[in-house]
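Reviewing the structure listed below.
The values are calculated or read from the model by the stated rules, or taken from the named source; none is laboratory data. Computed from a predicted structure; not experimentally measured. Glycine also receives a Cβ, built like all others from the backbone with ideal geometry; neighbour counts cover every protein chain displayed. SASA here: full protein model, heavy atoms, side chains in, ligands and nucleic acids out. Shrake-Rupley method; radii C 1.70, N 1.55, O 1.52, S 1.80 Å.
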Amino acid sequence: MMFFFRIFVSLYNLILKMWSKIVRYILRNRLGNLIIIGVLTIFMIFMAARVQMSFTFPQMLPDSNQTMKDYRTFLSQYGADGNVMFAGVCDDRLYEIDNFKAWDVLSYRVQEVDGVTMILSFSNAFQLLKENSQSKFVLKDIFTRKPIDQMELDSLMTILNNLPFYDGFLYNSETGAALMMIFFDKEKINTDARDKIAKNLETIFAEFSRQTHIETHISGLPYIRTVTSMKLKRELILFSFLALVVAATILMAFFRSFKAMIGAIIIVGITVIWALGLMAILGYEITVLSSMLPPLLIIIGVENSIFLTNKYHYECHKHSNKTLALSRAISRIGRANFIVNLTTAIGFSTFVITQNQMLIEFGITAALTIMLSYVLVLILLPIFFSYTQMPSKRQTLHLNDKWMVNLLSKIEWLILKRRRWVFAVSIALFIVSVIGVGQLRTSGRFVDDIPQRDKLCKDLLFFEEQFKGIIPLEITIDTRRPKGVLQMSFLSTLNEFKNELTEFPEFAKPLSIIEVLKYGKQAYYNGNPAFYSMPNSSEMTFIMSYLPEIGKDNENPMVNQIMKIFVDSTLQKTRISVQMQNMTTPEIEKVKDHLQEIVDEMFDSERYIVNITGSSVVFTEGTTFLIRNLLQSLGLALILITAIMALLFSSVRMILLAIIPNLLPLIMTAAAMGYFGIPLKVSTVLVFSIALGISIDNTIHFLSRYRLELRINKGQVEPSVIYALGEAGFSMVYSSTILFFGFSIFSFSSFGGTQMVGILVSLTLLVVLLANLLLLPSLLLLFGKSAEMPLKTSRYEYLISWFKRLRRHD
């Protein structure tokens, strides 16, 4: 990171030395610049068409993390733990003969969908039977022949209900709920073919519901990820369009110029194309984070355009010399905008230390495209203005806007006459905020960004109510010796441990080799459900003789396949699979800690290696890991931005004065989260990094103008502050308005995390504006070095003087 910072410093110093050459290059090579950017844009359009949506669950932990290593070991042994889609119903009418036939047809149709490898439902459940002639167990479909009337169906359902193996797994005997488990080809479910698979399945289940009037519920991690990616596509287009509409509307309202508006919109459109093209070049996919990038770039690009357009209009109004106006706009705003965009890019680039691939890709793409946006605005907007007529008098009326004059006049009065109140309110807010920050809690759910009103969330709650949840938790046990799994001492301990798991109200029915052995005992005793229990040592001898040898698929392949789900080929390792509720991170940690206590008590660490793993565990530790790293990246961003400020202002006092108005709003936002119970999670931590990088913009523009006014006013602080407020205040209000409404559109997202980013960033930037208009000037007046200038008494005098300087050139 320091390497990149040195590059930025060197680049900044180089730009300062070459700025006059940059101005000449832009204005003297207009056609050449347009051709180069046009060709590059065509190439980026070609590349942007190749960018793909992400269809895989983001990896939250680095490969070196021990939890991640344990999880990968599990995947290599047993395969994916979250590759199942669930469809469920809870309606007694399902067991009527006509509706059962419809369900049976549904099962066949689902099985025929391209990408589905297997389904498991009560209608195609198998019965384990003992075949004495060959001394082995065989599997037989319960519904070998489809029932033709209600009596036959009831008879077959009685057989199913006498198999406790399926109770709590494929059906709920208490409520009558039933589910279908749909397994996918992982090579297809992690590609863009997944959208088509999901739509086909939704259509099939919708037709079943229309035919039978039985409501179906669909969930499971593959389905949730698919629906999420489909919504991302829609929101990417919708929010980009809304951002353009918001930007165009505000630009027209402020500048009253169609030319100024259309020029800025065209440039930000090109920027978005370049961003998508860059993602394709880098091999990145569109994720829930990077889907925010196009609207974000539109907002930031328009903000750049506002400062440059406002300066251009000011200079045109001042001396009516277009070339001079463009030169000054490029040189003066270009320098400030470079630092502004640099600090924003730094805020995003610090995500590279999070060790999370999704955040790293988002940070790199955002940082690069923000600087590209700066370059495109700096080159294209002046060229656009050079080919158009100078702004008319009507189009520069915003420089004398009465509403803005009154607003800035009131701000001047507050900072000159009621400065103590500004400090008192700021200190009070700081104290209240510190208390609120103390109430912040870290949380997050495995399926977290879906609003409660969404059908996806309602369906997830259905499976929690009927089957205790669908979030995978896995426990693997290594006995450290071949065939150790079959030792009666181990099986007895494993059964006791499994019984402990059933006491957890958050867990569904645990599945392990114990359930297979219990089912085998029931089959050995001719299907009598009273014998569905753990076999003793003598019974184990007979049962094992009926089971096939693991690894020899030609010996009773179906039974062998079931055994391989729970044990390895050497019978040294086994697993217990549990589905759990969609709990918060602290709840999962509490359950995991309790589970670990039971493991430590029941399994001797010298004899067994027990790992608690699965998607839920990886998510929990990944969330904690990411939040910690995001906070570190926020601290690094603050340090680097402070260092950038040191390039502008050699005074430590000035640097501190610049940081305070930007830190207070962040603390207030954290306090609001604490007071309103908004948890600290990955999506909400992102708010602070985004807001910090953007919020410093107004401070830089204000202080840059203030430093210039200090030279003009020979070191006198008070007139310098007022004149800086008069010129920079307009652009600060305009740009903050764009940012506020631009980020507000994210609050309409269907993803909770994106909603929080929209709401919290918008409110933070609004408070930042007030802090930069009130607190920053007040601090400068209190701590700035003055040249013993006598105070003026008129509360409007300095602002009126600034307007007089402007009107001298009318």
Checklist line | Yes/no for residue 411 being touching a Leu at 6+ places or on another chain (Cβ under 6 Å), of a type outside the set (Gly, Ala, Ser) and not in a helix (DSSP H, G or I) | finding: no
Note to self: For region 437-444, check the following and say yes or no: at least one residue is in a helix (DSSP H, G or I), open to solvent by 30 Å² or more (accessible area, probe 1.4 Å), of a type outside the set (Phe, Trp, Tyr) and modelled with pLDDT under 90.
What the structure shows: yes
Check: What helices (runs of 4 or more DSSP H) lie completely within region 256-361 and have 2 or more residues being hydroxyl-bearing (Ser, Thr, Tyr)?
Finding: 293-319, 322-328, 334-349
Margin query: For region 502-516, which positions are open to solvent by less than 10 Å² (accessible area, probe 1.4 Å), within 13 Å of residue 575 (Cα to Cα) and of a type in the set (A, V, I, L, M, F, W, C)?
Written below: 513, 514
Item checked: Complete set of residues in region 645-670 that are more than 15 Å from residue 699 (Cβ to Cβ) and open to solvent by 30 Å² or more (accessible area, probe 1.4 Å) -> 650, 652, 667, 668
Margin query: Pull out all pairs, ordered by first then second residue, where Cβ-Cβ is under 6 Å, the residues are six or more apart or on different chains, the first lies in region 411-429 and is in contact (Cβ under 8 Å) with a residue 24 or more places away in the chain and more than 14 Å from residue 660 (Cα to Cα), and the second is exposed (fewer than 12 other Cβ atoms within 10 Å of the Cβ) and of a type in the set (A, V, I, L, M, F, W, C).
Written below: none
Item checked: Index of the failed condition, residue 247 passing every other in (1) farther than 30 Å from residue 757 by Cβ; (2) small (Gly, Ala, Ser); (3) surrounded by 21 or more Cβ atoms within 10 Å (Cβ to Cβ) -> (1)
Item checked: Meets criteria (among the small types (Gly, Ala, Ser), free of Cβ contacts under 8 Å to residues at least 12 places away in the same chain and under 30 Å from residue 476 (Cβ atoms)) for residue 76 -> yes
Next item on the list: Please determine, by comparing only the residues of region 564-609 that are of a type in the set (S, T, N, Q) and more than 30 Å from residue 456 (Cα to Cα), which one is least open to solvent (accessible area, probe 1.4 Å).
Entry: 574
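To keep it simple, each residue is scored yes or no on (1) aliphatic (A, V, I, L, M); (2) over 24 Å from the mean Cα position of the chain (by Cα).
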site	(1), (2)
688	no, no
697	no, yes
704	no, yes
730	no, yes
735	no, yes
769	yes, yes
Next item on the list: Search region 188-238 for residues being of a type in the set (Ser, Thr, Tyr) and assigned to a helix (DSSP H, G or I), and hand back the single one that is surrounded by the fewest Cβ atoms within 10 Å (Cβ to Cβ).
Entry: 203
Note to self: Given the criteria modelled with pLDDT of 85 or more, open to solvent by 10 Å² or more (accessible area, probe 1.4 Å) and of a type outside the set (Ser, Thr, Tyr), does residue 759 qualify?
What the structure shows: yes
Notebook entry, point to check: Scanning for something open to solvent by less than 20 Å² (accessible area, probe 1.4 Å) and over 23 Å from residue 523 (Cβ atoms), does region 162-176 turn up at least one residue?
Noted result: yes
Item checked: Pairs where the first residue, in region 254-265, is open to solvent by less than 10 Å² (accessible area, probe 1.4 Å) and the second is among the aromatic types (Phe, Trp, Tyr) and assigned to a helix (DSSP H, G or I), C-beta under 8 Å, 6+ apart -> 263/384; 263/385
Margin query: Could you check region 746-783 and list, in sequence order, the residues that are over 24 Å from residue 237 (Cβ atoms) and polar (S, T, N, Q)?
Written below: 764, 772, 778
Note to self: modelled with pLDDT under 80 and open to solvent by less than 20 Å² (accessible area, probe 1.4 Å): which single residue out of 642, 613, 623 fits that description?
What the structure shows: 623
Checklist line | Members of region 168-218 found to be touching a Ser or Thr at 6+ places or on another chain (Cβ under 6 Å) and free of Cβ contacts under 8 Å to residues at least 24 places away in the same chain, listed by number | finding: 209
Next item on the list: Go through region 517-545 and give me each residue that's open to solvent by 20 Å² or more (accessible area, probe 1.4 Å) and among the hydrophobic types (A, V, I, L, M, F, W, C).
Entry: 530, 531, 534, 542, 544
Item checked: Criterion (more than 30 Å from residue 330 (Cβ to Cβ) and modelled with pLDDT under 85) met by exactly one of 395, 466, 452 -> 452
Notebook entry, point to check: Looking at region 704-722, is at least one residue open to solvent by less than 20 Å² (accessible area, probe 1.4 Å) and in contact with a strand residue (DSSP E or B) (Cβ under 8 Å, 6 or more places away or on another chain)?
Noted result: no
Next item on the list: From 765, 760, grab the single residue that is under 24 Å from residue 420 (Cα atoms) and not hydroxyl-bearing (Ser, Thr, Tyr).
Entry: 765
